[in-house]
Structures are given as C-alpha cells and as structure tokens.
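Everything below concerns the one structure shown next.
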Amino acid sequence: MRPALRLLPLSLCIAVSLNARAGDDMPQNWSLCPVQDVVKPFAEAQAAPEGIGIDNTEQATDIEGDALTGTEENPVFNGNVTLRRGDQFMGADQLTYDKGQEHYTAEGSIRYQGSGLRMTAARAEGDQAKDVHTIHDLDYQLLANRGNGGAERVTLTGDIGSLHGATYSTCAPDARHWELRANRIDIDTEKGMAVARGATLRVGQVPIIYLPWFMFPTDERRRTGLLFPSVSNSSRNGLDWKQPIYLNLAPNYDATLNPRLMTNRGVQLGAQFRYLVEGGAGVVDGTWMPDDDLRDSDRSMIRYGAFQNVNRNWQARANLNWISDSRYYEDFSSSLDGLSQSTSFSEIGVYGRGHGWEAGITSDYWQLADFTLTEADLPYNRVPRAYVHWERGLGLHFVGGVDAEMVRFRHPLFDAGSRLDVKPWISLPLEGDSWFVKPTAAFRHTSYELDESLTASRSRSRSQPIFSLDSGLFFDRDTRVKGKDYLQTIEPRLYYLHVPYAYQDDMPLFDTQPLTFSWGQLFRDNRYSGADRQADANQLTLALSTRMIRQSDGRERFSASLGQIRYFDESRVSIPGEPVTEKGRSAWVADANYAPTDRWTFGASYQWDPKFNRTDLASIRARYLLPDDGVFNLGYRYRRSLLEQADVSFLYPINPTWSVVGRYYYSMYDSKALETIAGLQWDSCCVAVRLVARRYVHNRAGDLSNSVLLEIELKGLGSAGQDTRRALRRAILGYNRDDLYLVPPQTATGQPTPPAIDTVNDASP
C-alpha cells in the first residue's frame, strides 16, 4: 500500500541550532572522545549518497509492515513498520492512519533518520492536512558532529518547530561535562533562525549562565549577533573585557565590532570589515581609544590587507599599516613580537609571475614604532620600486637571465635619489649521478641619480664582473646500525667566488646592510643586502655535509655540516662601522641535527673564529615528544656582544585529561626573565578549561607585566575567556603538533610584519 503521506519535516535539525560557535584558527581536539553513537544506527535506514541532494517533497512515501489490519479508510500497520521518503526514514511498531482526517499515530520504538539527524522516540502523531506533527520523549544525535540531546516533545508546523524541555551537548550521556537546557526552542528552518527561552548552560551540575531569551542560527548561514567575549586580567590593563559583535551585511562582506573595556586604561573601540569579490579579498580593521590613561592620549591603529587577481599572471596586493604613536605595538601587543617591532611597514604593489619570470611594481613606507628611536633611524621609503627576474635555457646546457631593479628613495629627513641596478648572468649547470659543476658569469651595473642638495655631482655608477664556480660530489653507502638499515651520504662542496674591486665609498647607503654570517652566506656572491654595495671577493668556500637516512621510512636520523671561507685577498669594500674582512680564514660554521628516536630531537649550531680563538655564535636545541601530545623544549642561544638566552617550555600531561604548561625565557645579558608562563589545563572529551598565569616584559625599558588568562571551551559550542591557545601556541613550540612542520610566513619582500594586536576575527565570510 502506498498512500500519499507526506513525511513530517523532522529535518529541522532540532539541536543543530545550538551548534553555533565562533571560528577558531585551530581544529578542535576530539581525540579524547570515544567513537560512540548516542543513538545507534538503524539497519533499515539508507542515507543519501555524499554530495547528492534529494528534494524529499518530490518523493513518494512508502509504508510497509509485517501486517495490515483496520479498514480501507483507517489502515493499521503492525510489526516492523517502515516509512520512507527520499533519504528520510521512520520506523515504528505500529502506525495508524485516518485517510479522511489525514491524521496518523505512530507508537512503539519510533526511529527516525534524515537530513543530518537520527532520533528515537516513544510516540508520534500528526495532521497531514495542516502539516502539524508532534513527537514525544525523544533522544537525538546529529550525524555531522557529536551534538546530541533530548526533548520532552517536538511540535512541527511546516518549517516552524518548537522543542519543549530540550537539551544539547557534545558530551556523551554518561559523561555530561556540559549541557545546554532550554524550556522552549522555536525554530524556523526556512529563515534558519531559532529563539530559545529559559535557557541555562551547565558545566557539570552547576548552572553558570542563564539566558531568559536569545536568538541563534540553525544552519551554517552567517547571522548578525554576539560572539563569545574575551575576558582577562592583568596588572597593566586591569580587568579586560572584549565583546565582539558580528554583523552579517551581505553574502560577500561582513563586519565585526569590538568594544573593549580595560578598567585601568579606559574604553577601546575596534572594528573589522571584510569583503570577498571575484578574484580577490580584503580586510580592513582598526581601533580607537580616546584618552588612554596609560599614556594620557588618544590611541588608534588602522590596517588594510587585500589582494586582487588582475589576470592569470598578475596580482595586486596591499599591506598597509598605520599607528598613532611609536608605543602602540608595545602597549597593545601581548607578545614579545611587539617589543622587537621598531617600525611599522606598509607596502602596495602589482606582482607578476610566469614561466621563467617574475616582476613587480611596488611602493613601501616605514613608520616609527619604537619610542627610543627617532625618524633619523627609519629606513628609506621606496616610492616606487620596479623589479624583474628573468631566466631561460639558451641551448647547449646554458642558462641565462637578468635581475634588474629601479627604485626611487625618499626619507622624511634626508635627501635621497634614484637607483638602477642591472645584473645579467649566464650559467652552465652540469651534473651527473654523483657530482655537479655550475660555473656562472655575471655583470652588475649600478647607477644613481641623486638629489642636487645631496651632492655636487648627481650621477654615480659602478660596474663589476662576477664569476662563481659551484661544485660538489655525492658519496653514499648502505650501512647497518643497531640492526637497522641506513643510507649514509658524504657531500663535499667547493664554491669559488671572484669579484674585482670597484670604488664605492662615494655611493649612498639607501637599503644596504651586511648580512648575518651563516651557512647560507658561504655560497652567496655578495655579503650585503641591497644593491648599494657589491663586495669584492677572491675566496673559496670549503664545506662538507653528511646524512644518515633510515631506509625503512626515509627519515633523516642524523645530519651535520661544516664549512669555512678562505679569503685569498682582503675585501676593500665596506660600510661605516663594519669590520674589515681580512685575508685568511672566516669563522667555522657548523650545524648538526640528531634524532636518536622518534621522540627525541637534538640540534646545534656553532660558529668559531680561529683567528681570535672565540665563539661568535652558539645555539643548542632539544625536543622530546611526550605521550598524549606532550612536549618538552630546551634551547640556548648566544651571539657575541648581542645576546645570551635560555628557553625552556613544556606541555606535560599528568593523565589523559590533566596537563601542566609552562615557559621560562631568560636573558643572561639582562639578568632577567623575559617571559614566564605557568598554567594548568583540563581537556576532556567535550570541554576544556585553561588557566594560565603570565609575567612578561612589555616594553623596551624592561618593565614587567602580570596577567591571568582563563578560557572555558565547550567543544561544539564555543569558548569564553581569553584566547589562551594562541598564547600557548606561540610560547610552546609543539603545543599544537602540526606547528612542528610549519614554516613561519614572510612578506613578499622579506620585510617584518606587524605584531599581532589583540583583535577578534571569529567569523568567516
């Protein structure tokens, strides 16, 4: 029998509505949750194939049962009753249908599955003519996540439904660490909105929040409303409360208002606007704080970041930053990055890339962000800068190319000028299975057109040939260590560089500085950044590397490198204040990494100057991966006459749910701890609580601030309090295991990016 019975729209998602939460840059950790079904799957139910949508209103309804009794007008289905319509399924022990009144009643072991929801209930009845349905004593489970709960009854009228005595949680019923209870929830599936009345959020058995009335979304469509607040306390800010307000303005753009109260400083107003267009996107955000009690002045910041694809090869990008004063990053950044930021950098340009070429036209601007400096310390602005890199095979194994740059320099205090730098080159890379040889010849021409007030002779130029020969060998052998097979390699490398001397003392210094001596500099053709200086050279680099690679999985267990430059002549090119590069040998550069097990990793870098018998640089690092995602980090860094620091950080699991976190970052030069963190966190299946105390240097004068951060994360619902995970993720490498395999992002020009300012960005367009 196939009556035209419309299956009640139980797909209104019931408690999916309560799964509205602020976004997060880290995925939620469900590893502690056992894989279990609160409502067991129904063998008779069939879900729609993934990615295929089914319009159930266009589908016929099938009713089957073991026995059919009653009359033609009032059929009664008994025993293993199933009702199917599209991807929706209902099962019952008995179903009675009144054709005249279009009423039905289903009793006994009610089972329902459809549209992301599975439930069991005691009884259901409905009026098909009015499309009104009621389900009693139900338990439900969401199929797309771990949300589950129950309700005394659900009343459905078309697209509108009301849940009475409803609960929702992502915890298992036998471990209800948190639960949302509401007297009534009215849901409109067409609009995707719901209203809860008399709602209480419980942690354990303790009610912590009572909301007599609130509105929330029932699907993934963005909605205007309040996001979870951020609350913290510190000695500098006092009680710090930030309440983000999300505004859904259009499908492709939105805004977030961020009012913030700091009891020791005042009120700050922040806002962020985001847009998404075809081939591009952008974000503009800013803050304004009238009469900051800390500085007794108005404070503000504006940032704009965007990109726009012009075509398949060209893209326009902007990264603009402005701050009201030179202490803004110091006062509003909660990380040590704010202290290291002496400037605010802005850049805008058009960038292109294709087969064998890169090019761009940009402009950049520097703003002072360090109150201990003056504008005289600012780098030159490049307005504009045009560059191109081109290379292509020339036949007969030859490869040729050109690097060119043209820049107009400006400065708020100093006269400047324009610079043209052109470097054509040709190379003959040859290689075999165990060797390579790469001779390269280049010619570098740099010319200036300086401002009249800067010099009597406005024109300057320099031309130098550059020749280099890079060569290496690869030796490998199979070996066996402690019963395991390894591939051992030995890789000697020679790099010869010859650049004749050219007088350059009369040329300006716009954007050029000596590079920090390191392993990479052993194989560069210039020891300076920028084009204002091209070092003369007659030198040979000797380097040796070795590796031990486990053949079972290809993992590198050990690696070591050692290298040194032999200077055959003294380098005559220098900049003011730079020590002369004398004839003889450079410092030895050594680097080694060792992983004795899958959990232990050791690393060390060392530079030793044999001429003065002194250590120029030393770095030691160790990491141990504890069970249950724990980690222990130890680091030591030394650079002669600059810094000496020790750094210890850890995430130590006491048991699968409790763990302690900490960091101690100490400067021997300053005899002071730069940052100290101690915290305790409880991470259960469906809830996490983190309490972190932090003491850190907040300005260049070395003043210390104290803060206490508390965050309660209800997985599947949201979090309240300060974003402790961001702070811990920055302080403890490996706090999120994926971070061990990430490379920190850089701007296109390698310029520093502004430090993270305390803003809220929780919703995504």
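We did not get these values from a lab; they are worked out from the coordinates using the rules stated. Keep in mind that what you see is a predicted model, and the values were worked out from it rather than measured. Every residue, glycine among them, receives a Cβ derived from its backbone with ideal geometry; neighbour counts consider all protein chains shown.
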message: For a protection proxy built on the mean count of beta-carbon atoms within 10 angstrom, sort 607-618, 239-250 highest first, please.
response: 239-250, 607-618
- request: Within 10 Å, count the other beta carbons around each residue, average over each peptide in 653-664, 385-396, and list them highest first.
  value: 653-664, 385-396
- line: Residue separation between ASP506 and LEU276 times 0.36 nm, minus their alpha-carbon distance, gives in nm 77.8 nm
message: Explain nothing, just compute: Karplus ³J(HN,Hα) = 6.51 cos²θ - 1.76 cosθ + 1.60, θ = phi - 60°, for every residue of segment 530-543 in order, whole Hz, x for Gly and Pro.
response: x, 10, 6, 9, 10, 5, 6, 7, 9, 8, 9, 9, 10, 9
message: Need the full-extension length gain, LEU394 to LEU544, defined as separation in residues times 0.36 nm minus the C-alpha distance. One decimal, nm.
response: 50.8 nm
- prompt: So how do HIS133, HIS411 line up by other beta-carbon neighbours within 10 Å, fewest first?
  reply: HIS411, HIS133
task: May I ask you to derive the FRET efficiency for ARG184 and ILE302 from their Cβ-Cβ distance with R0 = 45 Å, giving the value to the nearest 0.05?
output: 0.50
Radius of gyration and Dmax over the Cα atoms of segment 493-560, both given in Å: 17.7, 60
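Tell me, what does the Kirkwood hydrodynamic radius of segment 458-528 come to in angstroms if you use every pair of distinct C-alpha atoms? Walk me through the numbers on the way to the answer.
On the way: mean 1/r = 0.0608 Å⁻¹.
That comes to 16.4 Å for segment 458-528.
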Simple label model, 7 Å out from Cα along Cβ direction - TYR664 to LEU373, nm: 3.3 nm
query: Distance in nm between label sites at THR597 and ASP738, each 7 Å beyond Cα in the beta-carbon direction?
result: 2.8 nm
task: Can you figure out the FRET efficiency of ILE361 with SER461, using R₀ = 22 Å and their beta-carbon distance, to the nearest 0.05?
output: 0.40
query: What ranking of VAL589, VAL132 emerges when the number of other C-beta atoms within 10 Å of each C-beta is taken as an exposure proxy, fewest first?
result: VAL132, VAL589
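What FRET efficiency comes out for the pair VAL481/ILE575, r = Cβ-Cβ distance, R0 = 41 Å, nearest 0.05?
Numbers: r = 49 Å, r/R0 = 1.19.
It comes out at approximately 0.25.
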message: Apply the Karplus curve 6.51 cos²θ - 1.76 cosθ + 1.60, θ = phi - 60°, to the phi angles in segment 103-112 and return the couplings in whole Hz, x for Gly and Pro.
response: 9, 9, 9, 10, 9, x, 6, 5, 10, 9
- line: At the level of C-alpha centres, the distance separating segment 406-440 and segment 642-703, in angstrom, is 43 Å
task: Would you mind counting up the charge near SER571? Only other residues with Cβ under 14 Å from its Cβ, with Lys and Arg at +1 and Asp and Glu at -1.
output: 0
query: How many nm is it between the label spots at PHE612 and ILE245, if each spot is 7 Å from the Cα in line with the beta carbon?
result: 6.0 nm
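Take the residue pairs LYS242/LYS715; LYS423/LYS583; LYS438/LYS583; LYS130/LYS715 and return only those whose Cα atoms are more than 29 Å apart.
Details: LYS242/LYS715 21 Å; LYS423/LYS583 27 Å; LYS438/LYS583 26 Å; LYS130/LYS715 39 Å.
From LYS242/LYS715; LYS423/LYS583; LYS438/LYS583; LYS130/LYS715, over 29 Å: LYS130/LYS715.
Expected output is a single nm value to one decimal: the length gained when fully extending between ASP291 and ILE426, i.e. 0.36 nm times separation in residues minus the C-alpha distance. What is it? Provide the component values of the computation, followed by the final result.
Values: separation 135, 0.36 × 135 = 48.60 nm, distance 6.07 nm.
Answer, rounded to one decimal: 42.5 nm.
Taking the Cβ of each residue in TRP357, TRP366 as the centre, tally the other Cβ atoms inside 10 Å and list the residues starting with the fewest.
TRP357, TRP366
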Per-peptide average of other Cβ atoms within 10 Å, ordering 627-634, 70-77 highest first: 627-634, 70-77
statement: Note, segment 478-490: 3J(HN,Hα) by Karplus (6.51, -1.76, 1.60, θ = phi - 60°), whole Hz, Gly/Pro = x, goes 7, 9, 10, 10, 6, x, 10, 8, 10, 9, 9, 10, 10
